[in-house]
Structures are given as structure tokens and as C-alpha cells.
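In what follows, a single structure is set out as C-alpha cells and then discussed.
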Amino acid sequence: MITIFILLKNRYETDSTSIGVSTAYIRWTNTFPSIGICLSKSRIINDFTAAVKKRFPGEKPAYTYVRTLYDYLFINPNNLYIKPDYCKGLNSTCGVDILDMRRELFPMTCKDLFDEIYFAEKLMPDCELIFKFHELEMGYCFLANNLMDYESIEKMPLLYSSLDEYRNLRLVLKSGLVYRYDLYVNSPEDLPYFNAVTYAITDDPMIHSFNVEEIHNDENVIYEPVSQRLCKFPTESSIKGLPYSFSICMSIIRSEIEMKICNCTLFSHKDSSSKNYCGVKEISCLESGKLAEKVKDYVGSNMACLPSCVEQQISAVGSREKRYGSESDKTEGHVVEIEIASPPTARYYRTVTQTKLDLIVPE
């Protein structure tokens, strides 16, 4: 009896949860992945040049200086190239309030970004019911179906079932602007971050296909120690009002390492003020500091960022150019479509297999 009790105790302490598979897909309502559209560097246009000249009345800024400001405007952890030599004699932010320039030149409402949005081939009349604006690690972004904006996954607007004929989200974005667009396809608790896969949105209409498998949890799983389930729920965040996710964890660590090495950061989930925002000289420090490698090495060696317990398993099927039936079907602007290639036929369930009650050995 003692041996049995010890074995039960060891199993309870090390292996109290398990993951099974369900295939009853006919009854499922599935959640569309979170879609992120972030602004990135395109080309200098008159609007940007005019914004620079407005800040230096009566002067004609050199093109090299204008170019440096443009590069600085789109700085993010994946794009740290800038020439501080063109800002000699100026303050740390190259003589301008670069964050103020972003607010002036970049949209903060989806109506200034999208011409049309279709879900399941139906026109969505109000983009603000789908896409919400956020200032994130990757800059100005608009997110759909993300836990940043909803109390739970069940309350998200983009849902589908295996019986639906169409399982796609088509976006028509405005063109001819100072920025271009990067597409992110994530699990609903994740955010665009420096190590995420991106898809460029170009003049060529494209369709990106994915398959998605969901993970659901028994209501008692959250009461099990994190050390046993080896995942965290969105509610188990260290920052109030921010869901836990692998991407947010990575972003927080990157910000902390930036502060430690260069005494500044490009973005911080913990502090949204601009007091520690990197100037042009500090950006050179970030570039030489190889921040991305340091973050990955730290996380890999310390298991600092666990996966989310509700993380979708998203696999890319492929991309193809969208073809129109006739010239009249073509749409002005940049067109990108995200589709679920096949409705999921398997769903993973995490359950509790060992509880304290199992430690009571029957006679």
C-alpha cells in the first residue's frame, strides 16, 4: 500500500494532466485566427517631406536628413538600420518628436486603413467592429479577433463551422501612402512581435491559406500547477489588463534586455510612456547588441516563456495569387485574403487525470 501511495503521489506531482483528441467536428464552432495588419516602411512621399519641412520653417532639410527621419519613423526590432551621422548637433530624436510625427502621419482608426472588409464573402459594414488599433512592438497595428480586445475567445466576431461554405477574410487596403502593410496570422492571444512570421501585402492580390487546430481545457486544468501543465492561461499575466501569451512574454523580455544593454527601449508593455524611448544613437547600440539572439538564447535556456494553454496550432498551407473572373471584378487598393483551407476535424482537449482525491487509496 505504501508503494502504491508513493507511485500515486509521484504521478500527481509530475503528470496530473493529459491531452486527448476529439473528432466530433460537426458540432463545433471554430475561432478564426487573430489577424494583424502593421504599418511598415514603403517610400518617401510628399506628405512626409511636407511634415518634415513644417518642423523646420524657412529651411530646406537635406535629403539625407529626410531619409534618416523616415527610417527612424519606422524603427522596430526587426528594422534597426539608421545613420545617426545625419543628426549631428541635434537632440537624441534627430531634432523632432518622432512619436508625434507617427501620430500625424499614421492612421489610428481602421476607416483610414481599409476600403472594404469581407468575412465569409459578406461585406462587413463597420470595420471598427472587426479591427482595433494598437501601438505594439512592431509599430502601429490593427488587430482582429484578439484577446487584447475581448473578454473571452467566445465573444470574438470572426467564427466559422465545418458547415460554412466560406471560411475566409478578405481585406481591401488603401494604397499610395507613406507606409506599406505587413500581415500577421496568430493565435487569438498572441500579438505581432519581433520573431513572428510575416506576409508582405503588395500590389498583387494574394490568398494565404491555413489550417487551424484548437486546444480546449477542462475547467479544472487552471488549478493545476504551471510546472505540471507547462502552459499558462491568458488570465495568468504579470501585467494587469494584458493577456498572457508566448509573444507578449518574448516582447517583455526583449524590452528588459534593451534597457539593460542600451538603457532605452523601442516598446514596453510595462511602461507605455516615451521616457525611455530610444534615440538615434541608442538604436545603433541596439543594432550592435544583437538583441533578438540574446532574447532567444535567454528564453531557450531558462524556459522563461511557456506556450499558452489555449494556443491554436496554425499551419500554413500555401499562398497563391488571387484571380478575378473579369476585369470588372478587380478592386482598387491592396487586396489580401486569409482563408481556412479545410475545417478542423480534430480538436485537442487538456484534462486533469490526477487529483488529490486520487491519493486516497481504497481499501
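We did not get these values from a lab; they are worked out from the coordinates using the rules stated. Note that the structure is predicted; figures quoted are calculated from it, not measured. Backbone-built Cβ (ideal geometry, glycine too); neighbour counts: all protein chains shown.
Which lysines have a Cα less than 18 Å from the Cα of LYS155, not counting those fewer than 8 places away in the same chain? In chain and number order, the partners are LYS132. In terms of Cα atoms, the Rg and Dmax of the stretch 233-345 work out to 20.0, 57 Å.
What is the helix-to-structure angle for 280-289, meaning the angle in degrees between its Cα long axis and the longest Cα principal axis of the chain, kept from 0 to 90 and rounded to the nearest 10? With rounding to tens, the tilt is 40 degrees. Summarising the amide proton neighbourhood of ALA341: residues at separation of 5 or more, or on other chains, whose placed amide H is nearer than 5 Å comprise PHE210, ASN211. Along the chain, the exposed loop sites are chymotrypsin sites (Phe, Trp or Tyr not before Pro) outside DSSP states H, G, I, E and B with at most 12 other Cβ atoms within 10 Å, and the longest stretch free of them is 82-323. Under 30 Å of direct C-alpha separation, and excluding same-chain neighbours fewer than eight residues apart, LYS53 reaches these lysines: LYS41, LYS83, LYS88, LYS111, LYS174, LYS275, LYS281. Where (1) 21.0, 65; (2) 23.9, 93; (3) 22.2, 77 are the candidate values, the label of the one calculated here for Rg and Dmax of the Cα atoms in Å is (2).
Taking the C-alpha atoms only, the angle from helix 246-262 to the longest principal axis of the chain is near 50 degrees. Only helices enter the 222 nm calculation for the chain: every DSSP H run of n ≥ 4 contributes -39,500 (n - 2.57), and dividing by all residues gives -7000 deg cm²/dmol, rounded to 500. Couplings 3J(HN,Hα) for the stretch 303-313, derived from phi with the Karplus relation 6.51 cos²θ - 1.76 cosθ + 1.60 (θ = phi - 60°), are 6, 6, 10, 7, x, 7, 6, 10, 5, 6, 8 Hz, where x marks Gly and Pro. Only Cα pairs within less than 10 Å get springs; with that Gaussian network setup on the chain, which residue of ASN186, ASN146, ASN263 has the largest fluctuation? Evaluated over the chain, the most mobile residue of the options is ASN263. Summing charges over neighbours of VAL178, with a neighbour being any other residue whose Cβ is under 14 Å away from its Cβ, gives +3 when K and R count +1 and D and E count -1. The value of relative contact order for the chain, using C-alpha pairs under 8 Å at least six residues apart, is 30 percent.
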